[in-house]
Amino acid sequence: MKTVGIIAEYNPFHNGHAYQIEQAKKMTGADFCVVIMSGNFVQRGTLSVMDKYLRTEAALRSGADAVLELPVRFATASAEIFALGGVSILHYLNCIDYLCFGSETGKLEPLLQAAHLLYKEPDEYKLSLKKYCKEGNSFPVARKLAVSDYLLSTKTAKNNPDLISCFDSPNDLLGIEYCKALLTLNSRIQPVVVKRMDAGYHAASLPNQEDIIEPKSIQMTSATSLRNALEETAPSSLESFLPAKALPLYEEFYKICFPVQPDDISSLLLYKLRLEQKDGYARYFDVSSDLSNKIKQTLSTCTTFSECCKSIKSKDLTLTRCQRALLHIVLQITSENVRLSLKNTHQTYARLLGFCKSSSSLLRVMSNRSAIPLITKVADAESILSPICMQMFLEDIFAADLYRSLLTQKYQYSLPSEYRKGPVIVTL
């Protein structure tokens, strides 16, 4: 039995994701595809556009065999920590043969070379990185400049034109971190690349209709453009961009429990910031003492999540980093807890969100081989998790409860609690 793993957000699940699953199985000859998926909060530091169970079912209807949840402290972290969290779960399941991810370049070799460089961190590279960070550059910019300097100094840049360019593309950057995580864990899992076929990762709008020759044909676009479109457009009008098997699900729940927007968390954020304004926020992950002070200074002028993020953004702090910092305050994710997770990568778990009934043999293999607890029932978690894992799991439960309350407030939609909601089971 061969199994391929994918780490994803599916925010929302679209044709590009279905294509990746199809190609992942085809390229590797895998019998099953296991997805590690972000829960109700995602890596850019915002709410997911629809809840994790809806996204799980869409993925299962469209080719995935099992979906596991990426713990929220990893799902809302930087690319490096996001990747390490997801790869750790796949690695310790002990039944995953391949890790498949999308790439703008579609070339594995430069990603592997970049991963080896960042894993080894030569002294020359570290000095350059420190210099560029001190100059006030954001970390992504400083890292690219430091890599470029190192390659030029070692006279390898000329022979590796794709190596530097892969630091410009978000999926290539994430691919580098996946490969680095595999090196860190000394994993036997083999990386596999699928070239992205849709619009750019950050494309904010759908392709122009005049550019689509066959309106009813299968089209690719970015998740960002679909999130924006779903604010005003029903899924039925986006059928060219959404998998046929997932579309009825989206149509059934549109305006019933989604779309959810970033600013839907504004009231909770402002309450939390004012509640802790006196003591500050430096204990939370991604919040330095300077950033904590800046948040306190700008709090009186902000009325929404978006305004708060823009007010603290600077040259050395990207908007995404600001979003993550504020989200970590709301979700009470501390630097100390994340540090413990990074120090103990084997202290994790696999929370089952859903599976295909036809793939029940996969669950048996995971259960028999896994070196980490496989959680199929929330009530059992306390008896099978270590204290470190239980703290991480309680963050997931808290995050899910917050999201559930937001759905109730916005749509009067009652999503079952985590203790009552079992895994999604799809019969194809």
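The values are calculated or read from the model by the stated rules, or taken from the named source; none is laboratory data. A quick note: this is a predicted structure, and the numbers were derived from the prediction, not measured. Cβ sites come from the backbone with ideal geometry, for glycine too, and all protein chains shown count toward neighbours.
What's the number of the only condition in (1) buried (at least 16 other Cβ atoms within 10 Å of the Cβ); (2) within 18 Å of residue 265 (Cα to Cα); (3) free of Cβ contacts under 8 Å to residues at least 60 places away in the same chain that residue 324 fails to meet?
The single condition residue 324 does not satisfy is (3).
Since residue 307 meets every condition but one in (1) in contact with a helix residue (DSSP H, G or I) (Cβ under 9 Å, 6 or more places away or on another chain); (2) among the charged types (D, E, K, R); (3) buried (at least 16 other Cβ atoms within 10 Å of the Cβ), which condition does it not meet?
With (1) in contact with a helix residue (DSSP H, G or I) (Cβ under 9 Å, 6 or more places away or on another chain); (2) among the charged types (D, E, K, R); (3) buried (at least 16 other Cβ atoms within 10 Å of the Cβ) applied to residue 307, the lone miss is (3).
Does region 13-33 include one or more residues that are modelled with pLDDT of 95 or more, under 17 Å from the mean Cα position of the chain (by Cα) and aromatic (Phe, Trp, Tyr)?
yes
Which residue pairs have Cβ atoms under 9 Å apart, sit 6 or more places apart or on different chains, and have a first residue in region 56-79 that is at pLDDT 95 or above and buried (at least 24 other Cβ atoms within 10 Å of the Cβ) and a second that is of a type in the set (Phe, Trp, Tyr) and in a helix (DSSP H, G or I)?
Here the result reads 58/250; 70/82; 71/393; 72/398; 74/82; 75/82; 76/82, each pair linking region 56-79 to a residue that is of a type in the set (Phe, Trp, Tyr) and in a helix (DSSP H, G or I).
Limited to region 298-321, what total is found for residues that are among the basic types (Lys, Arg) and assigned to a helix (DSSP H, G or I)?
2
Being touching a Cys at 6+ places or on another chain (Cβ under 8 Å), among the charged types (D, E, K, R) and outside any helix (DSSP H, G or I) is the filter here, so list the residues in region 11-51 that pass it.
Within region 11-51, 51 is the sole residue that qualifies.
If only one of 381, 400 is in contact (Cβ under 8 Å) with a residue 40 or more places away in the chain and of a type in the set (Gly, Ala, Ser), which one is it?
The unique qualifying residue is 400.
How many residues does region 232-241 contain that are aliphatic (A, V, I, L, M) and either in a loop (DSSP other than H, G, I, E, B) or within 15 Å of residue 55 (Cβ to Cβ) (or both)?
Total satisfying the criteria: 1.
Only residues in region 228-241 that are of a type in the set (Phe, Trp, Tyr) count as the first member; pair them with residues that are part of a helix (DSSP H, G or I), Cβ under 9 angstrom, at least 6 apart or cross-chain, and list the lot.
Matching pairs, first to second residue: 241/15; 241/16; 241/225; 241/226; 241/229.
In the list 289, 370, which residue meets the criterion of being at pLDDT 95 or above, hydroxyl-bearing (Ser, Thr, Tyr) and loosely packed, with under 13 Cβ neighbours inside 10 Å?
Going through 289, 370 in turn, the sole match is 289.
Suppose we filter region 74-89 for residues that are in a helix (DSSP H, G or I) and in contact with a strand residue (DSSP E or B) (Cβ under 9 Å, 6 or more places away or on another chain); how many remain?
8
Can you find even one residue in region 331-349 that is more than 21 Å from residue 181 (Cβ to Cβ), surrounded by fewer than 20 Cβ atoms within 10 Å (Cβ to Cβ) and touching a Leu at 6+ places or on another chain (Cβ under 7 Å)?
No, the conditions are met nowhere in region 331-349.
Does residue 408 qualify as being free of Cβ contacts under 8 Å to residues at least 24 places away in the same chain and of a type in the set (Ser, Thr, Tyr)?
yes
How about region 242-286: which of its residues are touching a residue at least 12 places away in the same chain (Cβ under 8 Å), part of a loop (DSSP other than H, G, I, E, B) and out of contact with any Ser or Thr (no Cβ under 9 Å at 6 or more places or on another chain)?
Within region 242-286, 242, 255, 256, 257, 259, 276, 277 qualify.
Among 203, 223, which is the only one that is of a type outside the set (Phe, Trp, Tyr) and either modelled with pLDDT of 95 or more or farther than 30 Å from residue 88 by Cβ (or both)?
It is 203.
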